Structure formats: C-alpha cells, structure tokens
Amino acid sequence: MQTFEELLEESTRVHGHICAGQVIGVRMSLLALSLIKIEEPRGVDRKKFCIYVEIDRCATDAIQSVTGCSLGKRSMKFLDHGVMAATFVNLETGKAVRITALEEAREGSKLYCKEMEDKYARQLEAYRIMPEEELFKVEHVKVEIPVADMPGRPTRRVQCESCGDWVQDHRDVEKDGRILCRKCAEGFYYTLEDE
C-alpha cells in the first residue's frame with residue numbers, strides 16, 4: 001500500500017485539484033480498509049470488497065482513487081443521501097463499517113492550524129493531522145447485498161416491451177403483465193426533443 005501522501009497526490013491528480021475533501025476521502029478509505037481487513041485494494045483484494053458512497057462530492061473521487069472501486073466495476077454504489085459518508089463492506093467476511101466525516105471537524109481545524117486565516121486552506125492542512133476520532137464517526141454495520149447488486153457479470157438481461165432497451169441486473173419492472181425498463185414504468189428524467 002502506498003503512503004498517505006502518495007495516495008493523496010494520486011487522488012489529487014484524478015480529481016483535478018487538491019482540497020479538504022481529497023484529504024477526507026483518502027483518510028476515510030485508509031481507516032475503513034484497515035477495519036475491514038483489506039490490505040491490497042487495487043491488487044489481490046480488489047474483488048473482495050465494495051463501497052456504498054452517500055454523496056457526489058470530492059471525497060468520493062478520493063475513495064475511488066485509493067480503493068480502485070468504481071461504478072463501472074459495480075464495486076462502488078452511489079446512494080444520493082447528501083451525507084459525507086461511505087460504507088465499506090468485506091464481501092468475504094461480511095465485516096462492514098460506515099464512516100461519516102464529522103461536521104465539527106471544520107471548527108476543530110482551528111485548533112490545529114491557528115495561524116491560517118483562510119478556512120479552506122486551514123481545513124486542508126488540519127485534516128491531514130487531526131486524530132481520526134476528531135474527523136470521523138465509525139459505525140460497525142451489517143449490509144445485506146442482493147445478488148443482483150454484487151460485482152461481476154450481469155445476472156439477468158431482459159428487453160423492455162415498450163421501448164426495446166435492454167435492462168440488466170433485475171432493474172426491470174413488471175407492470176400490467178409487461179416487462180418494462182424503469183423509464184417506461186416510472187417516467188423519464190428527460191424529454192425527447194421534437195425532430
């Protein structure tokens with residue numbers, strides 16, 4: 001495993017800039033991986049765990065960078081809860097932890113970098129050195145992962161009887177005796193332009 005600074009540098013490259021969220025995401029990942037006993041997340045352990053992220057912000061890019069998990073590999077799941085939190089699950093042992101970044105750490109950063117006036121710069125530096133218990137709340141949790149959500153090849157593919165789109169991994173809906181994609185069953189997030 002790379003050092004914290006090496007991981008932060010790589011995360012910054014992937015994300016496009018350094019920010020406090022990158023520090024939070026890298027530290028959160030390192031803590032969680034140690035707690036669920038994943039030693040080589042991008043190596044031999046890469047198929048042994050998955051992550052549920054609860055926010056689409058900077059820390060999520062850092063978590064992806066450190067762990068190698070991603071939506072495309074189905075090893076990262078996005079739950080749009082708006083909370084700076086992630087749950088890391090060891091798929092072999094079932095051991096799981098939910099780690100939440102503490103809001104109090106923003107104010108607490110003043111204790112570590114008193115000389116810094118700019119709050120964003122202060123948080124960036126303070127989050128590097130603050131004790132984990134001042135940055136995070138750690139909860140040991142149990143996560144039941146449906147077979148259709150597991151990483152790996154699709155478990156099912158069916159064609160929508162309305163629009164013809166192919167739907168994978170049990171994301172189809174049966175409505176009025178027909179197999180439909182969610183957009184046909186529940187409505188689109190977009191509208192078609194007139195041609």
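Return the sequence-ordered ³J(HN,Hα) values of region 44-53 in whole Hz as given by the Karplus equation 6.51 cos²θ - 1.76 cosθ + 1.60 applied to θ = phi - 60°, using x for Gly and Pro.
5, 8, 4, 9, 9, 8, 9, 9, 10, 9
Enumerate the aspartates and glutamates that Lys137 could reach by cross-link, defined here as Cα to Cα under 13 Å, with residues fewer than 8 away along the same chain left out.
Output for Lys137: Glu103, Glu104.
Carbon and sulfur together cover what percent of the accessible area of region 1-93 at a 1.4 Å probe radius?
Within region 1-93, the accessible surface is 51 percent carbon and sulfur.
Quick one: which residues, 5+ away or cross-chain, put their amide H under 5 Å from the amide H of Thr155? H built at 1.01 Å from N.
Those qualifying (amide H under 5 Å, at least 5 residues apart or on another chain) are Asp169.
Do any cysteines of the chain lack a neighbour Cys whose Cβ is under 4.7 Å away, and which are they?
Taking the Cβ cut-off of 4.7 Å, the unpaired cysteines of the chain are Cys19, Cys50, Cys58, Cys69, Cys113, Cys163, Cys184.
For Val141, what residues show an amide H to amide H distance below 5 Å, using hydrogens built from the backbone and excluding near sequence neighbours?
Placed amide hydrogens put Ala96, Val97, Arg98 under 5 Å from Val141.
Can you put Leu30, Leu135 in order of accessible area, largest first, using a 1.4 Å probe?
Result of the area sort, largest leading: Leu30, Leu135.
For region 3-12, take each phi angle, set θ = phi - 60°, evaluate the Karplus expression 6.51 cos²θ - 1.76 cosθ + 1.60, and give the result in whole Hz per residue in order, putting x for glycine and proline.
Taking θ as phi minus 60°, the curve returns 6, 4, 5, 5, 5, 5, 5, 5, 4, 4 Hz for region 3-12.
Nearest 10 degrees, 0 to 90: what angle lies between the long axis of helix 58-67 and the longest principal axis of the chain (Cα atoms)?
90
How much FRET efficiency would the formula 1/(1 + (r/R0)^6) give for Ala148 and Arg57, where r is the Cβ-Cβ distance and R0 is 41 Å, rounded to 0.05?
0.90
Over region 30-101, what is the percentage of antiparallel beta bridges among all DSSP beta bridges, to the nearest 5?
Here the antiparallel bridges make up roughly 75 percent for region 30-101.
What are the GluC sites (Glu not before Pro) within region 43-112 that DSSP puts in a loop, where the Cβ has at most 10 other Cβ atoms within 10 Å? Show your work: numbers first, answer last.
On the way: sites: Glu54, Glu92, Glu103, Glu104, Glu107; in loops: Glu54, Glu92, Glu103.
Sparse-neighbourhood loop GluC sites (Glu not before Pro): Glu103.
Residue by residue, what Karplus-based ³J(HN,Hα) values in Hz, rounded to whole numbers, does region 134-141 have, using 6.51, -1.76 and 1.60 with θ = phi - 60° and x for Gly and Pro?
After applying 6.51 cos²θ - 1.76 cosθ + 1.60, I find 8, 9, 9, 9, 10, 10, 7, 10 Hz.
Size of the dipole of the chain about the Cα centre, Lys and Arg at +1 and Asp and Glu at -1 on the beta carbon, nothing else charged, in debye to 20?
On the way: 29 positive and 35 negative charges, 139 e Å.
Charge dipole of the chain: 660 debye, to the nearest 20.
Per the helix-only calculation at 222 nm, which mean residue ellipticity applies to the chain, given -39500 (n - 2.57) for every DSSP H run of n ≥ 4 and division by its residues, nearest 500 deg cm²/dmol?
The per-residue figure over the chain is -9000 deg cm²/dmol.
Below 12 angstrom from the Cβ of Glu92, what's the summed charge of the other residues (Lys, Arg +1; Asp, Glu -1)?
Summing Lys/Arg as +1 and Asp/Glu as -1 gives +3.
The values are calculated or read from the model by the stated rules, or taken from the named source; none is laboratory data. None of the values given here were measured: they were computed from a predicted structure. Don't worry about glycine lacking a Cβ; one is built from the backbone with ideal geometry, like all the others, and counts go over all protein chains shown. Only protein heavy atoms, including side chains, enter the accessible area calculation; ligands, DNA and RNA are left aside. Shrake-Rupley method; radii C 1.70, N 1.55, O 1.52, S 1.80 Å.
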